[in-house]
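I have placed the structure first, in the form of C-alpha cells, so that the comments after it can refer back to it.
Derivation of every value follows stated rules applied to the coordinates shown; laboratory data play no part. These numbers were taken from a predicted model, which means no experiment stands behind them. Please note: Cβ atoms are built from the backbone with ideal geometry, for glycine as well, and neighbour counts cover all protein chains shown.
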C-alpha cells in the first residue's frame, strides 16, 4: 500500500459523506448481496426479523483476547490458568501436552517453525503461544514482532510442547482442549476447557475489555492521553446515547 493511500481514502470518504453519498444499498438481498452470493438465496426472512430491535444477538459475538488464531486460545487460557495457580519454572519442565480436535491440530498444532512469515507462523502455533503465555503471563501484540519470535530461548522451549489430536473430540471443535505440564520431579499440572475466553459461553466482562483496550492504546504509535482514553471509554459504554458518531471518531484521530 502506498504511504498516502490511507490518508487519501479518508479524505475521499469525508468528501463523499459531505455530499450525501451513502454506502452500498441492498447489501443483503440485492443481486450481488450476501444472501445471493453466499447463501444461494436460501434464507428465511421471518427468522432474521424475529425480535428485531429487542434481541441484540451481536452482544453474543465472540471476542478475541489474544492477537492470534482463535484455535490457539483455549490452550493459551489453560497455560495462563496453570501459570497463575502454580509456580512453574520452565527450566524444570519435562514436557507439555495439549490435546485438541483434529482440525485444531492440523491448523495450529504442528511443531513451531519460523519460515517466510514469522508473524503468521507464531500466530498460528499452539507451541509458540503456550510457551509465550507461560513465560510472560499474557499473549500480546509485541509477542508477534519478528525479533521476539526469533528469540532462541522461546524457539527452544516450544520443543517442550506436543499437540495431540483426540478422536473423542468432535473433529471441528475449535474450543475443547486439555493441557498437561509435567515437571521433572514427577509433578503434573493439568487443566481442561470447553470454551475459550471471550466466547459467549465464557465471556469477557466489561473490565477485561477495557483493560485490553487500554493496553492496545499504550502499544499504539499514536500518543493518546489518559483523559482522552477515559473519554473514549465513557462514550463506548454509553454508545446508545451518542447522537453523532463523529464525536467518537474525532477522539480516535
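Orientation-averaged projection of the chain equals 18.6 nm² [convex hull of Cα atoms, one quarter of hull surface area]. Computed across the stretch 205-253, the Kirkwood radius stands at 11.4 Å (inverse of mean 1/r, all Cα pairs). A simple spin-label model places the labels of residue 214 and residue 172 4.0 nm from each other, with each point 7 Å out along Cα-to-Cβ. Under 13 Å from the 7 Å Cα→Cβ point of residue 117, by amide nitrogen: which residues of the stretch 134-159? Under 13 Å, as judged by backbone N against the label point of residue 117, lies no residue of the stretch 134-159. The residues 69, 100, 216, when put in order of fewest to most other Cβ atoms within 10 Å, stand as 216, 69, 100. Each of 101, 194 was scored by other Cβ atoms within 10 Å of its Cβ. Arranged with the fewest first, they read 194, 101.
Per DSSP H run of at least 4 residues, take -39500 (n - 2.57); add these up for the chain, divide by its residues and hand me the 222 nm value, nearest 500 deg cm²/dmol. One gets -11500 deg cm²/dmol as the mean residue ellipticity at 222 nm. Summarising the strand pairing of the chain, around 70 percent of its internal DSSP beta bridges are antiparallel.
DSSP beta bridges fully contained in the stretch 70-193 are about 70 percent antiparallel. Based on alpha-carbon atoms, the Kirkwood radius and the radius of gyration of the stretch 138-204 give Rg/Rh equal to 1.03. Listed by Cβ neighbour count within 10 Å, with the fewest neighbours leading, 128, 105, 219 appear as 219, 105, 128.
Can you give the angle from 0 to 90° between the axis of helix 126-136 and the longest principal axis of the chain, with both taken from C-alpha atoms, to the nearest 10? Around 80 degrees separate the two axes. What is the angle, in °, between the Cα long axis of helix 226-237 and the longest principal axis of the Cα atoms in the chain? Nearest 10 is fine, range 0 to 90. On a 0 to 90 degree scale, this one is about 70. Stretching the chain fully between residue 142 and residue 91 yields a gain of 16.0 nm (0.36 nm per residue, less the alpha carbon separation).
Under 15 Å from a label point set 7 Å out along the Cα-to-Cβ vector of residue 240, the amide N atoms of the stretch 45-65 belong to 52-60.
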